[in-house]
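Reviewing the structure listed below.
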Amino acid sequence: MFEAMIDPTAGPSATAAGPPRAGRPERLDGLVVGLVANPKKNAEPFLDAVGELLAAEHGTAGVVRTRKTSITDPIPPATLDELVRRCDVVLIGVGDCGSCSAAAVADGIAFEGAGVPAAVICTDAFRVSADAMARLQGSPGYAYVTTAHPLAPLDADAVRERARLALPELVELLTSAVPVAAR
């Protein structure tokens, strides 16, 4: 049952003028990272691997994990509010299908609008869905990071390798004052 399904064909809301991009920290050391996983297979292991790499290589202070219960629903407002209070930056993903890619982008835009830098991760096969949602949310060109499709069938070592490969772009997206081009 869907209570708040995101419809990428509905167009932007009347108030969607495109939220401002949240200010970026210069570095990630000492910061708390939010990890927003969807229920797709390997989304949590991917984000956990990125969280571990951020701690090891960039000195982040810790992570706050949450898992959405639906691939299509937006992040619940209470969860968004909690992560905004507790986290300095947020990673969202992994968009490994059309619906979850669109939802991940909508969530990223919501965090940016709330003042928290967000990095969304989608697999490269779903750029069209991710870009469509960004346009429909009033944020054309919204920057996100892609990893090769598919992610779901990979073993643990391959998931960690994908996370390692995505890390430089994720760090750039979270810390760059100038947005990287949508990928």
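The values are calculated or read from the model by the stated rules, or taken from the named source; none is laboratory data. Quick caveat, the model's predicted, so the values are computed rather than measured. Counting neighbours? That spans all protein chains shown, and the Cβs are built from the backbone with ideal geometry, glycine included.
List the number of the failed condition for residue 177; all other conditions in (1) in contact with a helix residue (DSSP H, G or I) (Cβ under 8 Å, 6 or more places away or on another chain); (2) among the aliphatic types (A, V, I, L, M); (3) closer than 16 Å to residue 21 by Cα; (4) surrounded by fewer than 23 Cβ atoms within 10 Å (Cβ to Cβ) hold.
Tallying (1) in contact with a helix residue (DSSP H, G or I) (Cβ under 8 Å, 6 or more places away or on another chain); (2) among the aliphatic types (A, V, I, L, M); (3) closer than 16 Å to residue 21 by Cα; (4) surrounded by fewer than 23 Cβ atoms within 10 Å (Cβ to Cβ), residue 177 fails exactly one: (1).
Every residue in the range 67-79 that is out of contact with any helix residue (DSSP H, G or I) (no Cβ under 6 Å at 6 or more places or on another chain) and either among the hydroxyl-bearing types (Ser, Thr, Tyr) or in a helix (DSSP H, G or I) (or both), please.
69, 70, 77, 78, 79
How many of the residues in the range 56-98 are over 20 Å from residue 150 (Cα atoms) and of a type in the set (Ser, Thr, Tyr)?
Matching residues across the range 56-98 total 4.
Yes/no matrix, rows are residues, columns are (1) at pLDDT 95 or above; (2) touching an Asp or Glu at 6+ places or on another chain (Cβ under 7 Å); (3) closer than 21 Å to residue 62 by Cα:
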site	(1), (2), (3)
92	yes, yes, yes
110	yes, no, no
150	yes, yes, no
154	yes, no, no
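Scan 103, 125, 143, 134 and give me the residue that is touching a residue at least 12 places away in the same chain (Cβ under 8 Å), assigned to a helix (DSSP H, G or I) and surrounded by fewer than 23 Cβ atoms within 10 Å (Cβ to Cβ).
Every option except 125 fails the conditions.
As an exercise: evaluate residue 78 against (1) out of contact with any Ser or Thr (no Cβ under 7 Å at 6 or more places or on another chain); (2) of a type in the set (A, V, I, L, M, F, W, C); (3) touching a residue at least 12 places away in the same chain (Cβ under 8 Å) and give the number of the one condition it does not meet.
Only one criterion in (1) out of contact with any Ser or Thr (no Cβ under 7 Å at 6 or more places or on another chain); (2) of a type in the set (A, V, I, L, M, F, W, C); (3) touching a residue at least 12 places away in the same chain (Cβ under 8 Å) is unmet by residue 78, namely (3).
In contact with a Gly (Cβ under 6 Å, 6 or more places away or on another chain), under 22 Å from residue 24 (Cβ atoms) and touching a residue at least 24 places away in the same chain (Cβ under 8 Å): is that true of residue 92 in this structure? Step through it out loud before you land on a result.
On the way: in contact with a Gly (Cβ under 6 Å, 6 or more places away or on another chain): yes; under 22 Å from residue 24 (Cβ atoms): yes; touching a residue at least 24 places away in the same chain (Cβ under 8 Å): yes.
It is true that residue 92 is in contact with a Gly (Cβ under 6 Å, 6 or more places away or on another chain), under 22 Å from residue 24 (Cβ atoms) and touching a residue at least 24 places away in the same chain (Cβ under 8 Å).
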